Amino acid sequence: MVRHHHQNAIVATTLCYPDELRIPSHFAELKDSESGLDELSMMTKIVDKMTKDLDLRVYHDDYKEKMEALITSKMKGEVAQVKEEKPKKPAAKSMMEMLRETAESSK
């Protein structure tokens with residue numbers, strides 16, 4: 001997770017693969033937030049607990065490899081077998097509720 005300040009905001013980004021690195025200046029300026037101090041304090045604690053040295057070599061992009069294998073097999077003329085799954089929509093939660101759950105799970 002990368003935590004940084006950008007345009008008067010604290011930005012926390014979870015990185016999984018080296019190609020996910022982004023330059024913050026490419027994003028539009030953020031407007032003033034209505035987040036309360038409780039949310040900001042809890043988010044900061046969560047980020048501090050989850051912060052560690054970053055080594056992107058430990059992550060493995062299974063999806064990309066599966067897609068490359070699928071493309072290779074299609075190029076060889078093989079027929080692809082694809083399972084169709086409908087995505088499940090999670091219940092809507094408030095920011096504070098999600099922060100509390102994350103804080104509890106990281107103890």
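The values are calculated or read from the model by the stated rules, or taken from the named source; none is laboratory data. Predicted, not measured: the structure shown is a model, and the values here were computed from it. Cβ: placed from backbone, ideal geometry, glycine included. Neighbour counts: every protein chain shown.
Can you give me the number of residues within the stretch 54-106 that are under 20 Å from the mean Cα position of the chain (by Cα) and small (Gly, Ala, Ser)?
Counting residues in the stretch 54-106 that are under 20 Å from the mean Cα position of the chain (by Cα) and small (Gly, Ala, Ser) gives 6.
Restricting attention to the stretch 61-97, report how many residues are surrounded by 10 or more Cβ atoms within 10 Å (Cβ to Cβ) and part of a loop (DSSP other than H, G, I, E, B). Steps first, please.
First, the residues of the stretch 61-97 that are surrounded by 10 or more Cβ atoms within 10 Å (Cβ to Cβ): 61, 64-74, 78, 93, 95-97.
Add one more test, that the residue is part of a loop (DSSP other than H, G, I, E, B), and what stays is 61, 78, 93.
The qualifying residues number 3.
In this structure, is residue 22 at pLDDT below 80, under 25 Å from residue 103 (Cβ atoms), surrounded by 10 or more Cβ atoms within 10 Å (Cβ to Cβ) and under 13 Å from the mean Cα position of the chain (by Cα)?
The answer is no for residue 22.
Cβ-Cβ under 9 Å, sequence separation 6+ or interchain: first residue in the stretch 43-71 and farther than 30 Å from residue 97 by Cβ, partner surrounded by fewer than 12 Cβ atoms within 10 Å (Cβ to Cβ) and aliphatic (A, V, I, L, M). Which pairs?
56/21; 70/80; 70/82
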